[in-house]
1. Starting with the fewest neighbours, write out THR113, THR278, THR56 ranked by other beta-carbon atoms found within 10 Å of each beta-carbon.
2. With angles folded into 0 to 90 degrees, how steeply does helix 283-305 sit against the dominant principal axis of the chain? Use alpha carbons for both and round to 10.
3. Residue by residue through the range 134-151, which ³J(HN,Hα) values in whole Hz follow from phi under the Karplus form 6.51 cos²θ - 1.76 cosθ + 1.60 (θ = phi - 60°), with glycine and proline marked x?
4. Give me the percent of DSSP beta bridges within the range 167-268 that run antiparallel, rounded to the nearest 5.
5. What does DSSP give for the chain in terms of the percent of beta bridges that are antiparallel, rounded to the nearest 5?
6. Could you work out the relative contact order of the range 1-81, using alpha carbon pairs under 8 angstrom and six or more residues apart, expressed as a whole percent?
7. Positive end of the charge dipole of the chain (Lys, Arg +1 and Asp, Glu -1 on Cβ, about the Cα centre): tell me which of PHE95, VAL55, ASN135 has its Cα farthest that way.
8. Given the rule -39500 (n - 2.57) for each run of at least 4 DSSP H residues, summed and divided by the residues of the chain, what is its mean residue ellipticity at 222 nm, to the nearest 500 deg cm²/dmol?
Amino acid sequence: MELRHLRYFVAAVEEGSLQGAASRMNVAQPALSRRIRDLEIRTGCDLLIRGARGVTPTRAGASLYRDALKLLEGLDEARHRARRLGQEAPDVPRFGVIVTARKLPFLHETMRTYKETQPGAPVTFMRDLSPDLANALRERRLDISLLYEWRLGMPGTQERLIHYEQYVLAAHPDNRLARSREPIRLAELAEDPLVWLARGEMSDRSDPLMRQCLMRGLDPVVSHIARTHDEQIDVTIVSGGACITPASLLLDIHRDFLAVRPLADVDMEISLSLAWTTEMLGAPAQALLAILHDAIDRHQDQILSGAAPWAVLHSQPVIRVPQDARGRGARG
């Protein structure tokens with residue numbers, strides 16, 4: 001099976017006719033028809049229903065069309081990524097940022113200082129989930145990255161704990177849960193639908209937050225399963241619902257949109273770390289890393305001194321830094 005066969009087939013499905021597909025792909029119609037027939041022979045089934053008014057995919061054809069789109073899109077992304085990397089200067093820092101990075105004040109401070117002290121020096125960014133960022137660091141496709149609840153534990157890399165976060169309840173102001181002024185116990189949420197975050201391939205039994213809920217007497221009623229924290233927050237706001245989420249994800253959410261309450265009986269936290277490679281780190285990346293460390297120092301000092309109002313919720317710390325985690329070599 002060749003890629004051009006798949007491209008011809010995708011064009012035929014989207015155009016609804018072999019003639020339209022041939023015109024789009026700039027080939028003769030008989031040649032395109034033969035390639036699609038070759039594809040059907042290779043798959044062992046009919047992929048298109050041919051009629052006087054054009055073509056439509058069979059059930060097998062519709063399935064192959066969806067898979068072919070994913071494959072071709074992945075190849076296009078790989079080509080663009082390779083081209084971008086090939087055009088980069090070898091010492092341009094490659095920085096991985098978690099999908100909620102915009103909520104972290106120390107990161108804004110870092111990039112502002114880097115631009116002031118390294119005028120014109122570029123940085124390339126990769127925005128993704130922590131497991132994918134960790135893999136990119138292992139494969140040396142990144143130099144530096146922020147990671148949620150992830151440990152590399154491998155030679156050639158180093159990590160620094162930034163802080164721990166408590167889980168909190170976020171509820172729309174019109175939701176009954178927003179009226180409580182006291183820390184809420186998980187069992188009190190038994191009758192309230194929650195916007196739940198899907199954690200990759202984790203089952204309910206392996207999801208630590210789900211296990212914590214079940215242990216505390218809450219079998220959550222799930223109104224929506226979100227793929228990312230941002231989706232979880234957005235759906236909670238739009239639906240007037242509630243969700244359980246790490247504290248820092250609400251740093252840039254106005255109280256008119258969500259009320260935030262501490263959870264009284266959740267004894268688990270999520271860590272935020274900085275990780276970087278130690279092998280052949282270029283001068284610009286070293287400068288960026290040093291600025292990051294300085295900004296994290298100030299971030300941690302604010303939390304430890306009690307000067308960070310965003311780290312406390314209703315007199316309860318929701319973001320904390322252990323005393324022994326202070327310093328550039330500290331690990332979580």
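Here, each number is a calculation from the coordinates, and none is a lab measurement. Just so we're clear, the structure is a prediction, and the values are computed from it rather than from any experiment. All Cβ positions, even for glycine, are placed from backbone atoms using ideal geometry, and neighbour counts span all protein chains on display.
1. Values: THR113 17, THR278 9, THR56 14.
Result, fewest neighbours first: THR278, THR56, THR113.
2. With both axes taken from Cα atoms, the answer is about 40 degrees.
3. 3J(HN,Hα) across the range 134-151, in whole Hz: 4, 5, 5, 5, 4, 8, 6, 8, 10, 9, 9, 7, 8, 9, 9, 6, 9, 10.
4. Once the DSSP bridges in the range 167-268 are tallied, antiparallel ones form about 55 percent.
5. On the way: 31 of 45 bridges.
Expressed as a percentage, antiparallel bridges in the chain total about 70.
6. On the way: 73 pairs, mean separation 22.5, N = 81.
28 percent.
7. Going by the Cα projections, it comes out as VAL55.
8. Values: 9 runs with 129 residues, N = 332.
The per-residue figure over the chain is -12500 deg cm²/dmol.
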